[in-house]
Amino acid sequence: SAVISQKPSRDICQRGTSLTIQCQVDSQVTMMFWYRQQPGQSLTLIATANQGSEATYESGFVIDKFPISRPNLTFSTLTVSNMSPEDSSIYLCSGTGPLGETQYFGPGTRLLVL
Amino acid sequence: DAKTTQPPSMDCAEGRAANLPCNHSTISGNEYVYWYRQIHSQGPQYIIHGLKNNETNEMASLIITEDRKSSTLILPHATLRDTAVYYCIVRVAHFGNEKLTFGTGTRLTIIP
């Protein structure tokens, strides 16, 4: 199984600012994803992070708000841009193993926007 | 991916078997049933998955009905650490379709 770490684990930010979250996997994964979990809610997929190319966003999420990079097979970043209090959520990254059957999740980044 | 229906919450006594049901009546022939759980303040954790045969691993057993329209996750000897939200997800398991669609899940509380 893959071990996934995220930095920072939590942050408190002012509205209008941006935060970049890092996701590091200890072994190569085929696919990487970013999810959002709003307070008391289930997880919602933001986008698929594609290595060396633009991410694939789900409906309701746009690149200008959530730019994503994936320079190699084990690292990805998600930026939450021009934040508002509605962006207060847990942001999680995940990766799939070489067979694509199971997905492993990071511990999440807890973001509070004031 | 097919939609799933789970009870919003369940209680189980510590040491007893926890049986978590999931309905997926619109499941397609090539869709697998996956179970994940999310312990408070952690990322989701993969538990088990199966296509049509019953599956067992070190964490749990998965029982899928013959018509595949429902399944049950069994935690044989529940402990307090099994308190979590359990998600049943159906998806096609092949490259290019690894996205997971999470429903609301079942909040399982293990009672001492």
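When the Cα centres of the range A:41-77 and the range B:1-64 are compared, how far apart do they sit, in Å? About 27 Å separates the Cα centre of the range A:41-77 from the one of the range B:1-64. Taking every alpha-carbon pair within the range B:56-108, the share separated by more than 19 Å comes to 42 percent. The calculated FRET efficiency for the pair A:Thr56 and B:Asn30, based on their C-beta separation and a Förster distance of 22 Å, comes to about 0.50.
Semi-axis lengths, largest first, of the ellipsoid equivalent to the range A:45-111 are 21, 15, 11 Å, with √(5λ) applied to each eigenvalue of the Cα gyration tensor.
Legend: Rg and Dmax of chain B, from Cα coordinates, 13.3, 43 Å. Placing R0 at 22 angstrom, the Cβ-Cβ distance between A:Leu99 and A:Ser5 gives a FRET efficiency of 0.50 after rounding to 0.05. Within chain A, the ratio Rg/Rh, alpha carbon atoms throughout and Rh by Kirkwood, equals 0.95. Judged by the mean number of other Cβ atoms found within 10 Å, the most tightly packed of the peptides A:30-36, B:37-43, B:51-57 leads the ranking A:30-36, B:37-43, B:51-57.
Relative to the compact-globule estimate of 2.2 N^0.38 Å, the Cα radius of gyration of the protein assembly as shown comes out at 1.03. Within the shell defined by Cβ-Cβ distances under 14 Å, the residues around B:Pro112 carry a net charge of -1, with Lys and Arg each +1 and Asp and Glu each -1. The residue list B:Leu80, B:His40, B:Ile63 was ranked by how far each Cα lies along the charge dipole of the range B:24-83 toward its positive end, using unit charges on Cβ atoms, and B:His40 comes out on top.
Unpartnered cysteines of chain B (Cβ-Cβ under 4.7 Å counts as a partner)? When partners are defined as cysteine Cβ atoms under 4.7 Å apart, chain B leaves B:Cys12 without one.
Within a straight-line Cα-Cα reach of under 13 Å, B:Lys52 can be paired with the following aspartates and glutamates, leaving aside sequence neighbours fewer than 8 residues apart in one chain: B:Glu31, B:Glu66, B:Asp67. When you count the other C-beta atoms within 10 angstrom of each residue and take the mean per peptide, B:14-20, A:86-92 line up highest first as A:86-92, B:14-20. Taking chain A as a whole, the Cys residues whose C-beta sits 4.7 Å or farther from every other Cys C-beta are A:Cys13. For the cross-link pairs A:Lys7/A:Lys65; A:Lys7/B:Lys99; B:Lys3/B:Lys99, the ones whose C-alpha atoms lie over 21 Å apart are A:Lys7/B:Lys99.
Any read-out appearing in this document is the output of simple, stated calculations on the displayed coordinates, not a laboratory observation. Being a predicted model, the structure only gives us computed values, none of them experimental. Cβ atoms come from the backbone with ideal geometry, glycine included; neighbour counts cover every protein chain shown.
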